[in-house]
Amino acid sequence: MVKPRRFEHVMRVARLAHDIALANGIDADRAYAAGILHDVARDLPDLELLRLAPPECAIDAAHPLALHGRAGRTLLERWGFTDRVILEAVEDHTTGPRAGNAVSAAVYIADVSEPGRGVNEDIRELAFTDVDAALRRSIGSKVRYLQGRGIEVHPRTLLTFESLGLDP
Ligand SMILES: [Fe+2]
């Protein structure tokens with residue numbers, strides 16, 4: 001489903017999500033599975049993404065790539081996957097984990113901080129001792145960065161931001 005370079009990223013995310021989960025008492029097998037599956041829709045054409053995940057907001061309509069998490073969930077459900085925790089982690093990895101899904105938090109952090117990205121090393125390190133703090137740092141800096149530049153933040157990302165008790 002993904003290009004070779006992406007597959008390498010996917011494997012790094014899966015391993016890192018597993019390790020972060022293990023260090024935080026989170027279900028590491030589910031984190032690994034969700035890491036493997038998270039970008040399943042990432043290399044699909046825009047039209048396919050729009051078909052699998054109809055836009056919910058102006059950002060979705062303008063940037064179909066933002067839909068690849070939700071589109072991935074739709075695909076997995078069509079293929080018979082029923083594990084809600086993993087499905088949510090795939091769905092939310094582009095916009096931010098919803099409250100209460102620790103596996104999703106591990107995958108989100110792994111995705112933004114895996115070594116191949118070359119950024120967010122501090123977040124990766126923090127995640128091994130406190131995944132919640134790592135998530136607050138990651139989502140907080142993202143939202144403040146966008147808002148500071150007058151760029152609209154995805155409504156789902158704002159929900160995550162608020163669920164973490166962060167202030168603009
Ligand atoms: Fe992705």
Which of the residues belonging to the range 59-97 are in contact (Cβ under 8 Å) with a residue 60 or more places away in the chain, within 14 Å of the ligand (Cβ to nearest atom) and among the hydrophobic types (A, V, I, L, M, F, W, C)? 66
Quick one: in the range 29-58, of everything that is open to solvent by less than 30 Å² (accessible area, probe 1.4 Å), touching a residue at least 60 places away in the same chain (Cβ under 8 Å) and aliphatic (A, V, I, L, M), which residue is nearest to the ligand (Cβ to nearest atom)? 34
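The values are calculated or read from the model by the stated rules, or taken from the named source; none is laboratory data. As the structure is a prediction and not an experimental result, all values here were calculated from the model. Ideal geometry is used to build each Cβ from the backbone, glycine not excepted, and the neighbour counts take in all protein chains shown. We work out accessible area using only protein heavy atoms, side chains counted, and drop any ligands, DNA or RNA first. Shrake-Rupley method; radii C 1.70, N 1.55, O 1.52, S 1.80 Å.
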